[in-house]
Amino acid sequence: YWPASKGTPDIPWYVHEIPTVFVSVACPYHLADVPQVKTFVNAYDHQPHTVEAVLDKLEGKSEFQGTASTDVFCGLADTHM
């Protein structure tokens with residue numbers, strides 16, 4: 001857990017030193033709060049079948065597919081890095 005204060009020193013040290021995956025559920029715009037995270041998964045909702053599908057993908061049981069239905073980069077340059 002860390003505060004949703006974009007770009008502050010409050011981000012955990014491990015984001016840059018340990019492979020970190022951020023899974024966003026029920027909000028397609030979380031990337032604006034965590035642009036420093038290298039792997040970001042946008043699940044769009046928190047329904048049980050969606051969470052199960054995300055877990056299957058993270059475990060390699062199925063491939064990530066699809067395209068964003070909204071601007072998940074929030075129009076910000078630092079979210080594209």
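Numbers for the structure displayed
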| quantity | calculated |
| --- | --- |
| First in the range 45-63 and within 16 Å of Ser24 (Cβ to Cβ) and open to solvent by less than 80 Å² (accessible area, probe 1.4 Å), second anywhere and among the acidic types (Asp, Glu) and in a loop (DSSP other than H, G, I, E, B), Cβ under 8 Å, 6 or more apart | Lys57/Glu63 |
| Scope the range 55-72; condition within 24 Å of Glu17 (Cβ to Cβ) and either in contact with a strand residue (DSSP E or B) (Cβ under 9 Å, 6 or more places away or on another chain) or not in a loop (DSSP other than H, G, I, E, B) (or both); matching residues | Leu58 |
| Answer from Thr67, Thr79 - the residue that is of a type in the set (Val, Ile, Thr) and open to solvent by 60 Å² or more (accessible area, probe 1.4 Å) | Thr67 |
| Every residue from the range 9-26 that is open to solvent by less than 40 Å² (accessible area, probe 1.4 Å), modelled with pLDDT of 80 or more and assigned to a loop (DSSP other than H, G, I, E, B) | Thr20 |
| Cβ pairs under 9 Å, 6+ apart, first in the range 65-81 and free of Cβ contacts under 8 Å to residues at least 60 places away in the same chain and among the acidic types (Asp, Glu), second open to solvent by 100 Å² or more (accessible area, probe 1.4 Å) and part of a loop (DSSP other than H, G, I, E, B) | Asp71/Tyr29 |
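The values are calculated or read from the model by the stated rules, or taken from the named source; none is laboratory data. Owing to the predicted nature of the structure, the values given are computational and were not obtained by experimental measurement. Cβ coordinates were reconstructed from backbone atoms using ideal geometry, including for glycine residues, and neighbour counts include every protein chain displayed. In case anyone asks, the SASA skips ligands and DNA or RNA and just uses the protein heavy atoms, side chains included. Shrake-Rupley method; radii C 1.70, N 1.55, O 1.52, S 1.80 Å.
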